[in-house]
Amino acid sequence: SSPASQTPKQRRRSAALSCAECRRFATLHECSRIFPCTSCVKKGCAAICPNDSLTTGKGNRFILANTEALHEKIGDLSGRVRQLEDALAEAHAHRTTERHPLLSDELLAIKRPLERETKSEQLLQLHNQSEPETDEALDAVGSLAISDTGRTNFFGMTASSWHLLQNEVGDDYDDMTPEDIPLLSRTFPFTLPLGDTVEEVRATIFRNLPDRPTAQRLVNLYYQHAGWMYRPVEPNDLWPDIFERVYDPEALADSDPIQSHKIAVVYMMLALGALLDLDQTPYSSEANRYYQLARAALAVDSVFEEHNELPLMDTSQVLMCHYMFFAEIDGPRWALMGLVVKLAQSFIESIDRDSGKWNLDPAETKRRRSLLWEIVTYDSWQSLTYGRPPSFSMLHIDTQMAHSSTVNERGEEEMSFELWKHRFVSHSLSIVHDQAFGARTPNYKIIQDLDRKVRAFYMPQSLQVPGFGGQSLDVASPSVSITLQRYTAFAIREMTIFYMHRGFFARALEESPEDPLSNKFSPSVLAAHNSACSFIGLVQSLFTQHPRLTERLWFLFTHVFSCAIVLGSIAIKCPSIALARSATSHLETASRLFEAVRTGRASKVIPVLRKLRERASTAMQETLANPSQTPPRSTPERERDIKRDNEELATLGGKTRLVPRKPTANNSSTPSSPASNPGSSASPVSSPFTAQLPPVAYSPPIVPDVP
């Protein structure tokens, strides 16, 4: 019947119903009943109106239901993706046995419908992201040396090749105390029960202070040549609160025990200033004398009991660690840094919790914040050098940074070197320590992600090095301190990348010696090569500008040695690849740098580098003379030599190794022996690395003229 002849009840029954989606949402009044309805059009699901609807799937995601055509289309696309994956796998198999990057398990799972994933599969995926593949495990735990007396020394997988070499041949440094220095210096960090003689010893320490002009000159040298790197006490705090108090004529009559810690701060600054005084010989006896006096001053009053001046104690001990850092006193430095960390964590207001929460004086709050981040930075950087775990976890630190950034006229963020290094350690290096340098070998994908994050970490224009990614915007020549800060900022970032990739670089050379760039770890080969070349070029540039100061920054040369080992490995093991030529060139540069250094420690490195250069040169010449790459005739002697040489390279590259070292005549120093002075030119200790070469004869190096 026609609508006009229908009753109202009949007309309601024949009216169009709301679409299925509007009925599901109970929004019948919004449905226009002209399909697709306006409500579905607004929601973007017009294709399913009026009969189909959206239903919730896993994780409250909406999936299409009752749309047979759409599901058929998804099936067709999944089948097409599977065909392309099979074709890619077949084509890639003709080139290498490694899986193509686009065929990883994660990417293969994309075409799988989400509703088919079980909970166990999701958990398995999370587990696989954190667990390394079996074939990604690295034999790079590090080097452990054990003497017949039970003394042990461990350097981890990221340790510099210099420290790994030290484990092989032994360290010849003996921290001898001059006869005229109180025996008390040997008791630090403990004290002797001196009783009534405490004031006598304190007076003796005061009497050994140099005159005021000499002290002021050495303190200024400290801030110029050493304070640019770590500065636990600012000049504005040092001069009025510490220096003037120590040189006060009434200080001798003052029985305040705090004086011993203040005088230790002054003595450590004098020691660092004398150590880096370019008018004195490297590792001067004057610097060692001040260092021993500082130890004696700290031993007068117990560092474990004088809690009212813990920040001052930590300041003096951070300076002591800094002195050991430049003087290359390795063993006690690591242990002393552990003491510094524990004392810092036991501050009355707890230094690793922000001091601003306790409503302290603003100046005191800033001093504590600055000291905390200097300690964290030093600890983190030394952990990287030694291949050992850091003492701080960022999860337990909420202390704000003492310095603030600014914005320059170009709208770019600018910051001091202090703020940059604190941020880099907090936001970048700490993550690398946890994820890349932990006890468990990381998944290679994590290494690649960390590589991108470290490279992307912001470097302000004022800290960029001209010629190494930065442009020179200086109107006048930068000061020595600014130059050193720029080069160190670039160096620490480059070395973080280098040590992240060194273990996987070694794996690539071991598995694919003919062409490591075809290995699945080829990104690490490129990264290690590029970082090594950049770092050697960086140190060469700094040495050209400031040769006499740079040669005393031995920590730079320890990393140059690590870079040289990696570059030498490329030239020796795979001389036919494109990287071999540049690797050989930069290996020559590194060798010339060590030959120009006028410190005795280079005598251990130069024979190793000479042998490395000879092997690299021989390998390159054999490659040029044999374009067909026909392997040379194998003999037992040749195989034995190759095995020994490869083992040496692997050892200096961080491979797991136990060194059962026995004491020798060269390792037992006496006060009269040349080895008692780290700056002496003693002959290198006999070892597998140096036994085949004669001792190095030194002549004065040619120092380039600098305008």
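The values are calculated or read from the model by the stated rules, or taken from the named source; none is laboratory data. Note that this is a predicted model, so its numbers are computed, not measured. Ideal geometry is used to build each Cβ from the backbone, glycine not excepted, and the neighbour counts take in all protein chains shown. What goes into the accessible areas is simple: the full protein's heavy atoms, side chains included, and nothing from ligands, DNA or RNA. Shrake-Rupley method; radii C 1.70, N 1.55, O 1.52, S 1.80 Å.
Sorting 463-469, 285-291 by average packing, meaning the other beta carbons within 10 Å per residue, from highest down gives 285-291, 463-469. The peptide list 585-593, 557-565, put in order of mean Cβ contacts within 10 Å with the highest first, becomes 557-565, 585-593.
A Förster radius of 22 Å combined with the Cβ-Cβ distance from Thr281 to Arg217 puts the calculated FRET efficiency at roughly 0.80. The stretch between Ile482 and Leu339, if pulled fully straight at 0.36 nm per residue, gains 48.4 nm over its current Cα-Cα span.
Over the range 431-505, the fraction of Cα-Cα pairs per 10 Å bin, rounded to whole percents and listed from the shortest bin up, is 16, 42, 24, 14, 3. Among 444-452, 292-300, sorting by the average number of other beta carbon atoms lying within 10 angstrom of each residue, highest first, gives 292-300, 444-452. The listed residues Ser534, Ser477 rank as Ser477, Ser534 when sorted by accessible area, largest first, using a 1.4 Å probe. Per-residue SASA remark: Lys366, around 110 Å² accessible (1.4 Å probe; ligands, DNA and RNA not included). In the context of the full set of protein chains, the range 205-248 has a per residue accessible area of 41 Å² (1.4 Å probe).
The modelled label-to-label distance between Ile431 and Val41, using points 7 Å beyond Cα along the C-beta direction, is 4.7 nm. Taking label points 7 Å from Cα along the Cα-to-Cβ direction, Ala109 and Gln461 give a separation of 4.6 nm. Phe25 sits with roughly 100 Å² accessible to a 1.4 Å probe, with DNA, RNA and ligands left out of the calculation. The convex hull around the C-alpha trace of the range 448-585, projected and averaged over every direction, spans 8.6 square nanometres.
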